[in-house]
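The values are calculated or read from the model by the stated rules, or taken from the named source; none is laboratory data. Values in this document were obtained by computation on a predicted structure and should not be read as measured data. Here Cβ is always computed from backbone atoms with ideal geometry, including for glycine, and neighbour counts include all displayed protein chains. For the accessible areas, the whole protein counts, side chains as well, though only heavy atoms, and no ligand, DNA or RNA atoms are used. Shrake-Rupley method; radii C 1.70, N 1.55, O 1.52, S 1.80 Å.
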Amino acid sequence: MISRREVAQLIENMGGKILITSHKNPDGDAIGSALGWFNFLRKLKSDLKVILYDDVPYFYDFLPNVGKIVSSKKIDEQFDWAIILDVSEVSRTGFDSIPAKNSLVIDHHVTANPESTFAIVEPTMPSTCELSLEIMKFIGEDLIDYEVALPIYTGMVTDTGSFGYSSTTPQTLRNAAFLLEKGGINPYTVIKNLFERNRLTRIKLLQKVLETLDFALDGKIAHITLYQRFLEETGAGIEETEGFIRYPRSIEGVEVAVFFKEYEPGRWKVSLRSKGSIDVAAISSKFGGGGHVMAAGFEYSATEGLEKLKEQLFYAIGEALSQ
C-alpha cells in the first residue's frame, strides 16, 4: 500500500494511454469517482478513457461528461495504466482481464484484496470519491472545478446516505463544503436528480418487490426479492431498484435487511444492510463477496435454488447475531 501523497505523485507521472474503470452495476461512488478523475485528469493528460462493464443508470445523466463513459463487456485496447476505482479485484469489474501494463487501485472497502501494481485502500473513508478528493488536493486544488466537484460530491452523497450514515465524519462535511465552494454546486441539483426523478416503472417495481417482504429470526431479518419477471411485467430496469433495501431496514426490530435480486435467470445479486449489530462484510465474504461493516453484498448462482441460499445465509446471520 502507498500513501495519498505517493498516489498523487504516481498519477502526475502517468504517461501513455490511461484507462479508468470500476465495478459492475456501478453506483454513485463508482460513477462519481470515475468521472471525477476523468474530468480532473483531462486537464493534465491527453489519452484517457472510461470503460465500465454495465450501463450508467439514467439518474446520473446530469453529471458532466457522463456521455464519455463507454459501456462494454470487453476491453480490447491495450493501456499503459489502469486506474481501478471503488473495487480491488478484477473479477468484480466484470471484465475477464484488464489489459494494462500497470494498474492502480483506489478503494475503501474493508474486504479489499488488491490485484494491482499499486494500491491505496482506506476502509475508514466513507467513499472512494472522498479519498479521491484528498489525493486530488495534493496534485492541485486549482484543477477542482465544477466538472470535477459535481461527480465527486454526488458519490459522497450516495455512499454516505446523504451524509446520514455513521461513516460520515467531520472531515467528510468539511470536504463537502469545500466542493460546494470550489465547484459552485447547488446541493439540490444532486438531490433532485438522484431522488426526485422516479419513473412510473420504478414505483410499479417497488410495489411488486415490497409484496415479497418477509421475515426471519423472529423479525431480526427482513428480506425482499426481485424476480426477473418483475422487470418484464413493469418495464423497469434493474438500476431502478436503487434504495429499495432501505424499506426493510427501516422496520423497527430489524437488525439486518437482505435484498435478493435476480439479475439474470438463476443468477442473483444479494445485498445486505446492517443497523450496526453485526458485520455484514464478514458474512458476505463467506459467500465470495465483501463490502463494509454495515453494507455489503455478493453474487450467487442458484443451482440449488434460492431457498437453499436463504437457509445458508440466514443461518450465518443468526450465528453472527448470537455472538
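Can you compute the modelled spin-label distance between Ser277 and Ser3, with each label point 7 Å from Cα toward Cβ, in nm?
Simple spin-label model gives 4.3 nm for this pair.
When the convex hull of the Cα atoms of segment 148-215 is projected onto a plane and the area is averaged over all directions, what value comes out in nm²?
That works out to 6.1 nm², a quarter of the Cα hull's surface.
What relative contact order, as a whole-number percentage, does the chain give when Cα pairs under 8 Å and 6 or more residues apart are counted?
Answer for the chain is 13 percent.
Given C-alpha coordinates of segment 238-317, what is the ratio Rg to Rh with the Kirkwood estimate of Rh?
0.94
Too long at a 21 Å Cα-Cα cut-off: which of Lys137/Lys182; Lys208/Lys269; Lys68/Lys192; Lys101/Lys286?
Working: Lys137/Lys182 12 Å; Lys208/Lys269 18 Å; Lys68/Lys192 23 Å; Lys101/Lys286 32 Å.
Too far apart for the 21 Å limit: Lys68/Lys192; Lys101/Lys286.
Report, to the nearest 10°, how far helix 200-210 tilts away from the longest principal axis of the Cα atoms in the chain, using its own Cα long axis and a range of 0 to 90°.
Between helix and principal axis, roughly 50 degrees.
Rg and Dmax of segment 93-166, Cα atoms, in Å?
For segment 93-166, the Cα-based Rg and Dmax read 13.9, 40 Å.
How much accessible area per residue does segment 1-114 have, counting only protein heavy atoms and a probe of 1.4 Å, in square angstrom?
39
Arrange the peptides 245-256, 209-220 so that the one whose residues have, on average, the most other Cβ atoms within 10 Å appears first.
Final packing ranking: 245-256, 209-220.
Could you work out how far helix 128-139 tilts from the main Cα principal axis of the chain, as a 0 to 90 degree angle to the nearest 10?
Relative to the chain, helix 128-139 is tipped by roughly 10 degrees.
Give the relative contact order (percent, whole number) for segment 58-139; include only Cα pairs under 8 Å separated by 6+ residues.
Contact order relative to length: 23 percent.
At what distance in nm do the modelled label points of Asn65 and Glu77 sit from each other, each positioned 7 Å from its Cα along Cα→Cβ?
Calculated label separation equals 1.3 nm.
Under 8 Å for C-alpha pairs, at least 6 residues apart: give me the relative contact order for segment 67-106, rounded to a whole percent.
Averaging sequence separation for qualifying contacts and normalising by length gives 48 percent for segment 67-106.
When the distances between all Cα atoms of the chain are binned every 10 Å from zero, what whole-number percent does each bin get?
Over the chain, the share of Cα pairs per 10 Å bin runs 6, 26, 35, 24, 9, 1 percent.
Compute the length gained on full extension between Asp218 and Val293: take 0.36 nm times their separation in residues and subtract their Cα-Cα distance, giving the result in nm to one decimal.
Working: separation 75, 0.36 × 75 = 27.00 nm, distance 2.24 nm.
Here the answer is 24.8 nm.
Using the beta-carbon distance between Glu264 and Leu180 and R0 = 30 Å, what value does 1/(1 + (r/R0)^6) give for FRET efficiency, to the nearest 0.05? List each step's numbers first, then the result.
Numbers: r = 40 Å, r/R0 = 1.34.
Efficiency at R0 = 30 Å is approximately 0.15.
Just in segment 1-90: which GluC sites (Glu not before Pro) are loop by DSSP and have at most 16 other Cβ atoms within 10 Å?
Here the sparse-neighbourhood loop sites are Glu77.
Rg and Dmax of segment 1-82 over Cα atoms: what are they, in angstrom?
For segment 1-82, the Cα radius of gyration and maximum Cα-Cα distance read 12.9, 35 Å.
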